[in-house]
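Got a structure for you, questions after.
The values are calculated or read from the model by the stated rules, or taken from the named source; none is laboratory data. This one's a predicted model, so the numbers in the text were calculated from it and none came from an experiment. FYI the Cβ positions are ideal-geometry reconstructions off the backbone, even for glycines, and counts take in every protein chain you see. Quick note on the areas: whole protein, heavy atoms, side chains included, nothing else; ligands and nucleic acids left out. Shrake-Rupley method; radii C 1.70, N 1.55, O 1.52, S 1.80 Å.
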Amino acid sequence: MLSLVCRNTSSLYVHLIAWVRKMLTIIQIPVLTDNYIYLVHEPLSGETAVVDPALAQPVLDILNEKDWRLTCILNTHHHWDHVGGNLELKEKTGCKIIAAQSDRDRIPGINAGVSEGDIIMLGACRARVISTPGHTSGHIVYYFAEDEVLFCGDTLFAMGCGRLFEGTAEQMWSSLQKLKALPASTRIYCTHEYTQANGRFALSVEPDNPQLQQRMEVINQLREKHLPTVPSTIEQELATNPFLREDSLALRSVINMTNSKSVEVFAEVRRLKDRF
Ligand code: ZN
Ligand code: FE
């Protein structure tokens, strides 16, 4: 009898948590020319995170409007357009700042350094840290597996990937392999609205990809109305993102690399995009 009660209670708890996880609220704040800041709210605990606050004021305005208290900042990397709001937000809300341990010296106000495999709890929701060097040496992304959400900063973009400022093509390729392996339904929240320009380049290396052609039509319509094209999904990226399609025979034949290694094809696609 007792065990039945326990089982019922725990299954009720599991359902409650599942329901809460579906309720994870994400608010996308467009700032600067093409950046996105993300507010992530877990309603059961009331805990709220902000991912890559380029600026403080637009975040403070929404916290105020929603009556949310900021629990933590999650930084993906040290660039100013991802950490610019750190110190003001920390000072005004008392939040903790979480970022890569290896970037401790260049993340303003950092409280906790994390690395590959570390778990961060936002109320009932769990994020795993994945290390993705390439754009910068210390770049990390935050993966909420149960919520099927990835905050990937400047590593993976819709139809693109970050420029190689501090890492090698080999490093970025390995980082992208980790993201490629995530479930297809994972929603990809990247930090820049670069999709339309990325798509034009993607078409230059895969002009006959029907899914890419269709996606570009949708993207063009959205941008005409100044609407965001982010988030996308891993499934969409696998079908259309040239930086995840180094094994596509059509793409390889366009760039004359039919027999090259995957990482070499990736490196060449990245070089071509830099000159596009
Ligand atoms: Zn960056
Ligand atoms: Fe950036």
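So which of Ile120, Ile98, Ile37 ends up being closer than 20 Å to Met23 by Cα and either open to solvent by 10 Å² or more (accessible area, probe 1.4 Å) or modelled with pLDDT under 95 (or both)?
When all the criteria are applied, what remains is Ile120.
Test each condition in (1) within 13 Å of ligand 1 (Cβ to nearest atom); (2) farther than 22 Å from Glu246 by Cα for Phe157 and report the one that comes out false.
Tallying (1) within 13 Å of ligand 1 (Cβ to nearest atom); (2) farther than 22 Å from Glu246 by Cα, Phe157 fails exactly one: (2).
Considering only segment 193-203, I want to know if a residue exists there that is within 16 Å of ligand 2 (Cβ to nearest atom) and either of a type in the set (Lys, Arg) or in a loop (DSSP other than H, G, I, E, B) (or both).
yes
If you don't mind, there's one more thing I want to ask. Looking at segment 57-78, can you tell me whether even one residue there is in contact with a His (Cβ under 9 Å, 6 or more places away or on another chain), within 15 Å of ligand 1 (Cβ to nearest atom) and either more than 30 Å from Leu164 (Cα to Cα) or of a type in the set (A, V, I, L, M, F, W, C) (or both)?
No - not one qualifying residue is present in segment 57-78.
Looking at segment 78-89, which of its residues are within 11 Å of ligand 2 (Cβ to nearest atom) and either touching a helix residue (DSSP H, G or I) at 6+ places or on another chain (Cβ under 7 Å) or free of Cβ contacts under 8 Å to residues at least 24 places away in the same chain (or both)?
Matches in segment 78-89: His78 only.
Filter segment 31-68 down to the residues that are over 24 Å from Tyr194 (Cβ atoms), assigned to a loop (DSSP other than H, G, I, E, B) and touching a residue at least 12 places away in the same chain (Cβ under 8 Å) and list them by number.
Result: Pro43, Leu44, Ser45, Gly46, Trp68.
Where residues in segment 136-146 are assigned to a loop (DSSP other than H, G, I, E, B), open to solvent by 10 Å² or more (accessible area, probe 1.4 Å) and not polar (S, T, N, Q), which of them is farthest from ligand 1 (Cβ to nearest atom)?
Across segment 136-146, the extreme among qualifying residues is Glu146.
Ok, one more. Among the candidates Leu176, Leu212, Leu222, single out the residue that is surrounded by 17 or more Cβ atoms within 10 Å (Cβ to Cβ), more than 15 Å from ligand 1 (Cβ to nearest atom) and either more than 19 Å from Thr76 (Cα to Cα) or small (Gly, Ala, Ser) (or both).
Leu212
Continuing with the same structure: If the Cβ limit is 6 Å and pairs must be 6+ apart or interchain, which residue in segment 141-169 that is on the phi > 0 side of the Ramachandran plot and modelled with pLDDT of 95 or more pairs with which residue that is open to solvent by 20 Å² or more (accessible area, probe 1.4 Å) and of a type outside the set (Lys, Arg)?
Between residues of segment 141-169 that are on the phi > 0 side of the Ramachandran plot and modelled with pLDDT of 95 or more and residues that are open to solvent by 20 Å² or more (accessible area, probe 1.4 Å) and of a type outside the set (Lys, Arg), the close pairs are Glu148/Ser185.
Then there is this: Report whether or not Arg163 is in contact with a helix residue (DSSP H, G or I) (Cβ under 9 Å, 6 or more places away or on another chain), under 19 Å from Cys190 (Cβ atoms) and among the basic types (Lys, Arg).
yes
Thr186 fails exactly one of the following numbered conditions: (1) in contact (Cβ under 8 Å) with a residue 60 or more places away in the chain; (2) under 25 Å from Asp147 (Cα atoms); (3) surrounded by 20 or more Cβ atoms within 10 Å (Cβ to Cβ). What is the number of that condition?
In the conditions (1) in contact (Cβ under 8 Å) with a residue 60 or more places away in the chain; (2) under 25 Å from Asp147 (Cα atoms); (3) surrounded by 20 or more Cβ atoms within 10 Å (Cβ to Cβ), Thr186 misses (1) alone.
If you go through segment 95-114 one residue at a time, how many are within 19 Å of Ala56 (Cβ to Cβ) and not basic (Lys, Arg)?
9
Also: Between residues in segment 113-131 that are on the phi > 0 side of the Ramachandran plot and residues that are basic (Lys, Arg) and assigned to a strand (DSSP E or B), which pairs lie under 7 Å by C-beta distance while being six or more apart or on different chains?
Going by the 7 Å Cβ cut-off, the qualifying pairs are Gly117/Arg128.
Which residue out of Leu238, Leu182, Leu150 is away from ligand 1 (no atom under 16 Å from the Cβ) and in a strand (DSSP E or B)?
Leu150
Another question about this same structure. Within segment 69-83, which residues are buried (at least 19 other Cβ atoms within 10 Å of the Cβ) and in a loop (DSSP other than H, G, I, E, B)?
Listed by number, the residues that qualify are Leu70, Thr71, Asn75, Thr76, His77, His78, His79.
Next up: Check whether at least one residue in segment 125-132 is modelled with pLDDT of 95 or more and within 16 Å of ligand 1 (Cβ to nearest atom), and report yes or no.
Within segment 125-132, one or more residues are modelled with pLDDT of 95 or more and within 16 Å of ligand 1 (Cβ to nearest atom).
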